[in-house]
1. Do we find that Gly284 is in a loop (DSSP other than H, G, I, E, B) and surrounded by 24 or more Cβ atoms within 10 Å (Cβ to Cβ) in this structure?
2. What are the pairs with Cβ atoms under 6 angstrom where one residue, in segment 12-35, is within 10 Å of Ala100 (Cα to Cα) and the other, located anywhere, is surrounded by 20 or more Cβ atoms within 10 Å (Cβ to Cβ) and of a type in the set (Asp, Glu)? Sequence gap at least six, or different chains.
3. Scan segment 143-162 and give yes if some residue there is under 30 Å from Ile70 (Cβ atoms) and among the hydrophobic types (A, V, I, L, M, F, W, C), otherwise no.
4. Hey, among the residues in segment 238-254 that are of a type in the set (D, E, K, R) and assigned to a loop (DSSP other than H, G, I, E, B), which one's nearest to Ser216 (Cα to Cα)?
5. From the list Gly402, Gly354, Gly382, which one is on the phi > 0 side of the Ramachandran plot and at pLDDT below 95?
6. If we scan segment 123-135, do we find a residue that is under 23 Å from Glu267 (Cα atoms), at pLDDT 95 or above and of a type in the set (A, V, I, L, M)?
7. Confirm whether Ala404 is under 22 Å from the mean Cα position of the chain (by Cα), touching a residue at least 24 places away in the same chain (Cβ under 8 Å) and within 23 Å of Glu98 (Cα to Cα).
8. Regarding Pro180, is this residue within 30 Å of Pro391 (Cα to Cα) and in contact with a Gly (Cβ under 6 Å, 6 or more places away or on another chain)?
Amino acid sequence: MKLADLEVIVTSPPAPGWGGRYWILVKVTTDTGVVGWGECYASSVGPDAMKAVIADVFERHMADENPENIELMYRRVYSSGFTQRPDLTVMGAFSGLEIACWDILGKDRDRPVWALLGGLMNERVRAYSYLYPQPHHPLPEFWGNADMAAEAALGLIDRGYTAVKFDPAGPYTMRGGHQPSRFDIETSARFCATIRDAVGPRADLLFGTHGQFTPSGAIRMASAIAAYDPLWFEEPVPPDDIEGLGKVARATSIPVATGERLTTTSEFASALAHGAAILQPALGRAGGLWQARKISMLAESAGAQMAPHLYAGPVEWAANIHLSASIPNLLIAETIETDFHDQLIHQAIRVDQGYVTVPDAPGLGIEVNEDLARAHPYDGTGLHLEMQADPPRYDAPHLFEGGAPVKDG
(Lines give C-alpha, C1' and ligand atoms only; values in the text may rest on other atoms or scores of the structure.)
Protein backbone atom coordinates (compact mmCIF):
# COMPACT_ATOMS: atom_id res chain seq x y z
CA MET A 1 0.00 0.00 0.00
CA LYS A 2 1.36 3.39 -1.03
CA LEU A 3 0.19 6.98 -0.82
CA ALA A 4 -1.10 7.94 -4.24
CA ASP A 5 -3.45 10.92 -4.46
CA LEU A 6 -4.03 14.17 -2.59
CA GLU A 7 -6.94 16.60 -2.53
CA VAL A 8 -7.08 19.76 -0.42
CA ILE A 9 -10.39 21.35 0.59
CA VAL A 10 -10.51 24.79 2.22
CA THR A 11 -13.83 25.28 3.95
CA SER A 12 -15.09 28.29 5.87
CA PRO A 13 -17.34 27.83 8.91
CA PRO A 14 -20.53 29.88 8.52
CA ALA A 15 -21.59 32.50 11.05
CA PRO A 16 -20.71 32.93 13.82
CA GLY A 17 -17.49 31.35 12.57
CA TRP A 18 -16.09 29.79 15.73
CA GLY A 19 -12.87 27.98 14.94
CA GLY A 20 -11.23 30.58 12.69
CA ARG A 21 -11.88 31.94 9.24
CA TYR A 22 -11.22 28.67 7.39
CA TRP A 23 -10.16 25.06 7.88
CA ILE A 24 -7.75 23.22 5.60
CA LEU A 25 -8.78 19.59 5.14
CA VAL A 26 -6.65 17.05 3.27
CA LYS A 27 -7.93 13.88 1.63
CA VAL A 28 -5.23 11.32 0.91
CA THR A 29 -5.93 8.14 -1.07
CA THR A 30 -3.73 5.08 -1.39
CA ASP A 31 -3.10 2.98 -4.47
CA THR A 32 -5.43 0.40 -2.88
CA GLY A 33 -8.29 2.89 -2.58
CA VAL A 34 -8.16 3.58 1.17
CA VAL A 35 -9.02 7.22 1.99
CA GLY A 36 -7.59 9.09 4.96
CA TRP A 37 -8.52 12.53 6.25
CA GLY A 38 -6.31 15.08 7.97
CA GLU A 39 -6.35 18.78 8.84
CA CYS A 40 -3.58 21.35 8.58
CA TYR A 41 -3.62 24.03 11.26
CA ALA A 42 -1.44 26.59 9.53
CA SER A 43 -2.04 30.32 9.19
CA SER A 44 1.27 32.01 8.37
CA VAL A 45 0.33 32.21 4.69
CA GLY A 46 -3.01 32.38 2.90
CA PRO A 47 -4.98 29.26 1.96
CA ASP A 48 -3.99 29.30 -1.72
CA ALA A 49 -0.31 29.50 -0.83
CA MET A 50 -0.84 26.83 1.84
CA LYS A 51 -2.44 24.49 -0.67
CA ALA A 52 0.72 24.79 -2.78
CA VAL A 53 2.89 24.03 0.26
CA ILE A 54 0.79 20.98 1.14
CA ALA A 55 1.01 19.67 -2.43
CA ASP A 56 4.78 20.21 -2.50
CA VAL A 57 5.33 18.43 0.84
CA PHE A 58 3.19 15.52 -0.32
CA GLU A 59 4.80 15.13 -3.74
CA ARG A 60 8.34 15.70 -2.53
CA HIS A 61 8.36 13.63 0.65
CA MET A 62 5.32 11.34 0.85
CA ALA A 63 3.91 10.29 -2.51
CA ASP A 64 4.49 6.59 -3.32
CA GLU A 65 5.58 5.97 0.28
CA ASN A 66 4.11 3.33 2.57
CA PRO A 67 1.85 5.20 5.04
CA GLU A 68 3.36 3.11 7.84
CA ASN A 69 6.66 4.96 7.48
CA ILE A 70 5.62 7.95 9.58
CA GLU A 71 9.06 8.53 11.13
CA LEU A 72 10.83 8.35 7.78
CA MET A 73 8.48 10.87 6.18
CA TYR A 74 8.72 13.16 9.18
CA ARG A 75 12.52 13.17 9.05
CA ARG A 76 12.44 14.00 5.34
CA VAL A 77 10.17 16.97 5.96
CA TYR A 78 11.97 18.15 9.09
CA SER A 79 15.29 18.09 7.25
CA SER A 80 14.07 19.48 3.93
CA GLY A 81 16.02 22.29 2.38
CA PHE A 82 19.01 21.62 4.66
CA THR A 83 17.06 22.92 7.69
CA GLN A 84 16.61 20.32 10.45
CA ARG A 85 14.66 22.76 12.58
CA PRO A 86 10.97 23.49 13.24
CA ASP A 87 9.20 25.30 10.39
CA LEU A 88 5.66 26.33 11.26
CA THR A 89 4.28 26.35 7.72
CA VAL A 90 5.95 23.18 6.44
CA MET A 91 5.14 21.31 9.65
CA GLY A 92 1.56 22.51 9.41
CA ALA A 93 1.37 20.91 5.96
CA PHE A 94 2.99 17.68 7.12
CA SER A 95 0.87 17.47 10.26
CA GLY A 96 -2.40 17.25 8.37
CA LEU A 97 -0.97 14.75 5.90
CA GLU A 98 0.43 12.69 8.77
CA ILE A 99 -2.96 12.57 10.49
CA ALA A 100 -4.41 11.26 7.22
CA CYS A 101 -1.80 8.47 7.22
CA TRP A 102 -3.00 7.29 10.64
CA ASP A 103 -6.61 7.39 9.42
CA ILE A 104 -5.53 5.21 6.47
CA LEU A 105 -3.66 2.75 8.68
CA GLY A 106 -6.57 2.38 11.07
CA LYS A 107 -9.04 1.78 8.26
CA ASP A 108 -6.70 -0.69 6.55
CA ARG A 109 -6.32 -2.67 9.79
CA ASP A 110 -9.95 -2.21 10.86
CA ARG A 111 -8.79 -0.62 14.13
CA PRO A 112 -9.25 2.84 15.68
CA VAL A 113 -6.20 5.09 15.64
CA TRP A 114 -5.88 5.00 19.44
CA ALA A 115 -5.24 1.25 19.19
CA LEU A 116 -2.20 1.96 17.02
CA LEU A 117 -0.84 4.60 19.43
CA GLY A 118 -0.57 2.35 22.48
CA GLY A 119 -4.12 1.28 23.18
CA LEU A 120 -7.01 2.62 25.19
CA MET A 121 -6.02 4.46 28.36
CA ASN A 122 -9.07 6.75 28.66
CA GLU A 123 -12.52 5.66 27.54
CA ARG A 124 -13.84 9.20 27.97
CA VAL A 125 -12.04 12.49 27.42
CA ARG A 126 -12.80 15.47 29.65
CA ALA A 127 -13.65 18.50 27.49
CA TYR A 128 -13.69 22.26 27.89
CA SER A 129 -14.98 25.11 25.79
CA TYR A 130 -14.39 28.82 25.44
CA LEU A 131 -17.16 31.03 26.75
CA TYR A 132 -19.07 32.00 23.64
CA PRO A 133 -21.98 34.48 23.68
CA GLN A 134 -25.48 33.13 24.10
CA PRO A 135 -28.10 34.24 21.55
CA HIS A 136 -29.33 37.14 23.69
CA HIS A 137 -25.84 38.50 24.47
CA PRO A 138 -25.02 41.67 22.50
CA LEU A 139 -21.74 41.96 20.62
CA PRO A 140 -19.14 43.29 21.07
CA GLU A 141 -20.21 44.08 24.65
CA PHE A 142 -20.06 40.39 25.60
CA TRP A 143 -16.27 40.25 25.35
CA GLY A 144 -15.83 42.73 28.18
CA ASN A 145 -18.79 41.89 30.39
CA ALA A 146 -18.08 39.58 33.33
CA ASP A 147 -21.76 39.03 34.15
CA MET A 148 -22.49 37.79 30.62
CA ALA A 149 -19.40 35.57 30.77
CA ALA A 150 -20.62 34.05 34.04
CA GLU A 151 -24.02 33.40 32.48
CA ALA A 152 -22.33 31.63 29.55
CA ALA A 153 -20.24 29.63 32.03
CA LEU A 154 -23.33 28.46 33.90
CA GLY A 155 -24.85 27.39 30.58
CA LEU A 156 -21.87 25.12 29.93
CA ILE A 157 -21.91 23.73 33.46
CA ASP A 158 -25.60 22.91 33.12
CA ARG A 159 -24.54 20.74 30.16
CA GLY A 160 -21.93 18.91 32.23
CA TYR A 161 -18.73 20.83 31.50
CA THR A 162 -16.23 21.00 34.37
CA ALA A 163 -13.91 23.65 32.91
CA VAL A 164 -14.44 26.92 31.02
CA LYS A 165 -11.95 29.16 29.24
CA PHE A 166 -12.10 32.91 28.76
CA ASP A 167 -9.75 35.58 27.46
CA PRO A 168 -10.55 39.12 28.68
CA ALA A 169 -6.94 40.35 28.87
CA GLY A 170 -6.76 42.62 25.82
CA PRO A 171 -5.32 42.53 22.31
CA TYR A 172 -2.85 40.17 20.71
CA THR A 173 -0.57 42.67 19.04
CA MET A 174 2.12 42.23 16.40
CA ARG A 175 4.29 44.57 18.49
CA GLY A 176 5.25 41.68 20.74
CA GLY A 177 4.88 41.41 24.47
CA HIS A 178 3.50 44.47 26.26
CA GLN A 179 2.52 45.56 29.73
CA PRO A 180 -1.19 45.07 30.40
CA SER A 181 -3.16 48.21 31.06
CA ARG A 182 -4.83 48.69 34.42
CA PHE A 183 -8.14 48.32 32.58
CA ASP A 184 -7.06 44.89 31.28
CA ILE A 185 -5.88 43.78 34.71
CA GLU A 186 -9.07 44.91 36.42
CA THR A 187 -11.28 43.40 33.72
CA SER A 188 -9.42 40.08 34.01
CA ALA A 189 -9.69 40.02 37.79
CA ARG A 190 -13.40 40.89 37.58
CA PHE A 191 -14.00 38.05 35.09
CA CYS A 192 -12.22 35.56 37.36
CA ALA A 193 -14.08 36.76 40.47
CA THR A 194 -17.51 36.81 38.84
CA ILE A 195 -17.17 33.45 37.11
CA ARG A 196 -15.68 31.82 40.22
CA ASP A 197 -18.54 33.18 42.31
CA ALA A 198 -21.06 31.81 39.80
CA VAL A 199 -19.61 28.34 39.31
CA GLY A 200 -18.06 27.71 42.72
CA PRO A 201 -16.15 24.41 42.81
CA ARG A 202 -18.09 22.93 39.89
CA ALA A 203 -15.66 24.06 37.21
CA ASP A 204 -12.03 24.97 36.69
CA LEU A 205 -11.25 28.43 35.35
CA LEU A 206 -8.91 28.42 32.35
CA PHE A 207 -7.39 31.86 31.91
CA GLY A 208 -6.55 32.27 28.24
CA THR A 209 -4.10 34.74 26.80
CA HIS A 210 -2.19 34.57 23.53
CA GLY A 211 1.39 35.55 24.27
CA GLN A 212 0.63 39.26 24.54
CA PHE A 213 2.63 40.16 27.64
CA THR A 214 6.20 40.78 28.64
CA PRO A 215 7.32 38.50 31.47
CA SER A 216 6.89 41.25 34.07
CA GLY A 217 3.50 42.18 32.62
CA ALA A 218 2.38 38.56 32.77
CA ILE A 219 3.52 38.34 36.40
CA ARG A 220 1.46 41.43 37.25
CA MET A 221 -1.56 39.81 35.60
CA ALA A 222 -0.98 36.51 37.41
CA SER A 223 -0.83 38.31 40.75
CA ALA A 224 -4.22 39.91 40.07
CA ILE A 225 -6.02 36.64 39.28
CA ALA A 226 -4.22 34.08 41.47
CA ALA A 227 -6.75 34.38 44.32
CA TYR A 228 -9.40 32.78 42.08
CA ASP A 229 -7.28 29.65 41.54
CA PRO A 230 -7.25 29.31 37.73
CA LEU A 231 -6.22 25.86 36.55
CA TRP A 232 -3.86 27.51 34.08
CA PHE A 233 -2.41 30.73 32.70
CA GLU A 234 -2.23 30.11 28.97
CA GLU A 235 0.59 31.48 26.79
CA PRO A 236 1.53 34.36 29.11
CA VAL A 237 4.42 35.51 26.87
CA PRO A 238 5.17 35.26 23.12
CA PRO A 239 5.90 31.67 22.05
CA ASP A 240 9.55 32.36 21.24
CA ASP A 241 10.26 33.86 24.70
CA ILE A 242 11.11 30.62 26.46
CA GLU A 243 13.23 32.37 29.08
CA GLY A 244 10.30 34.67 29.81
CA LEU A 245 8.01 31.67 30.17
CA GLY A 246 10.32 30.40 32.87
CA LYS A 247 10.27 33.71 34.71
CA VAL A 248 6.48 33.65 34.82
CA ALA A 249 6.33 29.99 35.87
CA ARG A 250 8.69 30.66 38.77
CA ALA A 251 6.79 33.75 39.92
CA THR A 252 3.24 32.37 40.15
CA SER A 253 1.41 29.46 41.69
CA ILE A 254 -0.85 29.23 38.62
CA PRO A 255 0.25 26.39 36.31
CA VAL A 256 1.59 27.79 33.04
CA ALA A 257 0.19 26.27 29.84
CA THR A 258 1.55 26.67 26.32
CA GLY A 259 1.82 24.97 22.96
CA GLU A 260 -0.72 25.99 20.33
CA ARG A 261 2.00 27.82 18.36
CA LEU A 262 4.83 25.36 19.02
CA THR A 263 5.82 22.53 16.72
CA THR A 264 7.81 19.29 17.10
CA THR A 265 9.43 17.82 20.18
CA SER A 266 12.35 20.25 20.30
CA GLU A 267 10.19 23.30 21.03
CA PHE A 268 8.01 21.48 23.54
CA ALA A 269 11.04 20.06 25.32
CA SER A 270 12.37 23.59 25.77
CA ALA A 271 9.03 24.77 27.16
CA LEU A 272 9.03 21.92 29.68
CA ALA A 273 12.60 22.69 30.71
CA HIS A 274 11.54 26.25 31.53
CA GLY A 275 8.56 25.33 33.67
CA ALA A 276 5.55 24.69 31.44
CA ALA A 277 3.16 22.50 33.45
CA ILE A 278 0.51 21.88 30.78
CA LEU A 279 1.22 21.34 27.07
CA GLN A 280 -1.36 22.29 24.44
CA PRO A 281 -0.23 20.98 21.05
CA ALA A 282 -2.38 21.74 18.02
CA LEU A 283 -2.09 18.41 16.22
CA GLY A 284 -2.50 20.00 12.80
CA ARG A 285 0.64 22.06 13.48
CA ALA A 286 2.77 20.23 16.07
CA GLY A 287 3.89 17.49 13.68
CA GLY A 288 0.88 15.21 13.74
CA LEU A 289 -0.10 12.32 15.96
CA TRP A 290 3.29 10.62 16.28
CA GLN A 291 5.07 13.81 17.30
CA ALA A 292 2.23 14.56 19.73
CA ARG A 293 2.58 11.08 21.24
CA LYS A 294 6.30 11.79 21.75
CA ILE A 295 5.47 15.19 23.24
CA SER A 296 3.14 13.51 25.71
CA MET A 297 6.00 11.23 26.79
CA LEU A 298 8.27 14.23 27.34
CA ALA A 299 5.53 15.84 29.42
CA GLU A 300 5.00 12.65 31.41
CA SER A 301 8.70 12.46 32.28
CA ALA A 302 8.58 16.09 33.46
CA GLY A 303 5.44 15.68 35.56
CA ALA A 304 3.41 17.76 33.12
CA GLN A 305 -0.02 17.11 31.61
CA MET A 306 -1.52 17.35 28.15
CA ALA A 307 -4.46 19.49 27.01
CA PRO A 308 -4.71 19.29 23.19
CA HIS A 309 -5.62 22.63 21.60
CA LEU A 310 -8.46 23.18 19.14
CA TYR A 311 -9.28 26.29 17.19
CA ALA A 312 -9.90 24.55 13.90
CA GLY A 313 -12.20 21.96 12.39
CA PRO A 314 -13.48 18.53 13.46
CA VAL A 315 -10.77 16.46 11.76
CA GLU A 316 -8.09 17.90 14.03
CA TRP A 317 -10.54 17.42 16.90
CA ALA A 318 -10.87 13.73 16.03
CA ALA A 319 -7.08 13.37 16.05
CA ASN A 320 -6.98 15.11 19.45
CA ILE A 321 -9.48 12.61 20.86
CA HIS A 322 -7.48 9.60 19.68
CA LEU A 323 -4.29 11.02 21.18
CA SER A 324 -6.14 11.79 24.40
CA ALA A 325 -7.49 8.26 24.56
CA SER A 326 -4.00 6.75 24.47
CA ILE A 327 -2.01 8.78 27.01
CA PRO A 328 -1.78 8.53 30.81
CA ASN A 329 -1.13 12.23 31.47
CA LEU A 330 -4.24 13.68 29.87
CA LEU A 331 -5.72 16.68 31.65
CA ILE A 332 -8.45 17.85 29.28
CA ALA A 333 -9.10 18.55 25.59
CA GLU A 334 -10.56 21.63 23.93
CA THR A 335 -13.78 21.43 21.98
CA ILE A 336 -15.90 23.69 19.78
CA GLU A 337 -19.58 22.80 19.64
CA THR A 338 -21.20 24.11 16.46
CA ASP A 339 -23.67 22.66 13.98
CA PHE A 340 -21.00 22.92 11.29
CA HIS A 341 -18.55 20.83 13.31
CA ASP A 342 -21.23 18.20 13.86
CA GLN A 343 -22.46 18.11 10.29
CA LEU A 344 -18.99 17.93 8.72
CA ILE A 345 -18.35 14.59 10.42
CA HIS A 346 -21.95 13.34 10.51
CA GLN A 347 -22.07 13.76 14.31
CA ALA A 348 -19.61 10.90 14.73
CA ILE A 349 -17.96 12.52 17.79
CA ARG A 350 -20.02 14.40 20.36
CA VAL A 351 -19.67 16.00 23.78
CA ASP A 352 -22.01 14.45 26.35
CA GLN A 353 -22.14 15.85 29.88
CA GLY A 354 -18.75 17.47 29.46
CA TYR A 355 -16.98 14.37 28.16
CA VAL A 356 -16.27 12.86 24.75
CA THR A 357 -16.75 9.11 24.39
CA VAL A 358 -13.79 7.78 22.43
CA PRO A 359 -14.86 6.37 19.04
CA ASP A 360 -14.16 2.72 18.30
CA ALA A 361 -14.73 2.80 14.53
CA PRO A 362 -11.70 2.21 12.26
CA GLY A 363 -9.25 5.04 11.67
CA LEU A 364 -10.25 8.40 13.14
CA GLY A 365 -13.82 7.14 13.39
CA ILE A 366 -15.18 9.85 11.11
CA GLU A 367 -16.13 10.42 7.50
CA VAL A 368 -16.10 13.96 6.15
CA ASN A 369 -19.18 15.41 4.47
CA GLU A 370 -17.35 16.58 1.36
CA ASP A 371 -20.40 18.18 -0.21
CA LEU A 372 -20.94 20.35 2.86
CA ALA A 373 -17.26 21.29 3.04
CA ARG A 374 -17.20 22.31 -0.63
CA ALA A 375 -20.45 24.25 -0.26
CA HIS A 376 -18.69 26.67 2.10
CA PRO A 377 -15.52 27.79 0.30
CA TYR A 378 -13.40 30.55 1.77
CA ASP A 379 -13.64 33.76 -0.25
CA GLY A 380 -12.03 36.21 2.16
CA THR A 381 -8.59 37.77 2.22
CA GLY A 382 -7.68 37.42 5.90
CA LEU A 383 -5.62 34.65 7.41
CA HIS A 384 -7.10 31.97 9.65
CA LEU A 385 -6.16 34.14 12.67
CA GLU A 386 -4.47 37.54 12.73
CA MET A 387 -2.66 39.76 15.20
CA GLN A 388 -3.75 43.33 15.88
CA ALA A 389 -1.65 45.97 14.10
CA ASP A 390 -2.60 48.87 16.39
CA PRO A 391 -0.71 49.31 19.65
CA PRO A 392 -2.49 48.46 22.91
CA ARG A 393 -4.45 51.23 24.61
CA TYR A 394 -3.94 52.44 28.15
CA ASP A 395 -6.68 55.09 28.33
CA ALA A 396 -9.82 52.94 28.11
CA PRO A 397 -11.09 49.35 28.41
CA HIS A 398 -10.61 47.00 25.46
CA LEU A 399 -13.37 45.10 23.71
CA PHE A 400 -11.05 42.83 21.78
CA GLU A 401 -12.89 40.20 19.73
CA GLY A 402 -9.93 37.91 19.07
CA GLY A 403 -7.90 37.03 16.02
CA ALA A 404 -10.92 36.12 13.85
CA PRO A 405 -13.90 38.31 14.82
CA VAL A 406 -17.37 36.81 14.78
CA LYS A 407 -19.11 36.70 11.43
CA ASP A 408 -22.44 38.35 10.79
CA GLY A 409 -25.33 35.94 10.34
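The values are calculated or read from the model by the stated rules, or taken from the named source; none is laboratory data. The shown structure was predicted, so the numbers you read here are calculated from the model rather than taken from an experiment. Every residue, glycine among them, receives a Cβ derived from its backbone with ideal geometry; neighbour counts consider all protein chains shown.
1. Against the criterion (in a loop (DSSP other than H, G, I, E, B) and surrounded by 24 or more Cβ atoms within 10 Å (Cβ to Cβ)), Gly284 qualifies.
2. What qualifies is Leu25/Glu39.
3. no
4. Asp241
5. The match here is Gly402.
6. No, every residue in segment 123-135 fails to be under 23 Å from Glu267 (Cα atoms), at pLDDT 95 or above and of a type in the set (A, V, I, L, M).
7. No; evaluated as a whole, the condition is false for this residue.
8. Yes.
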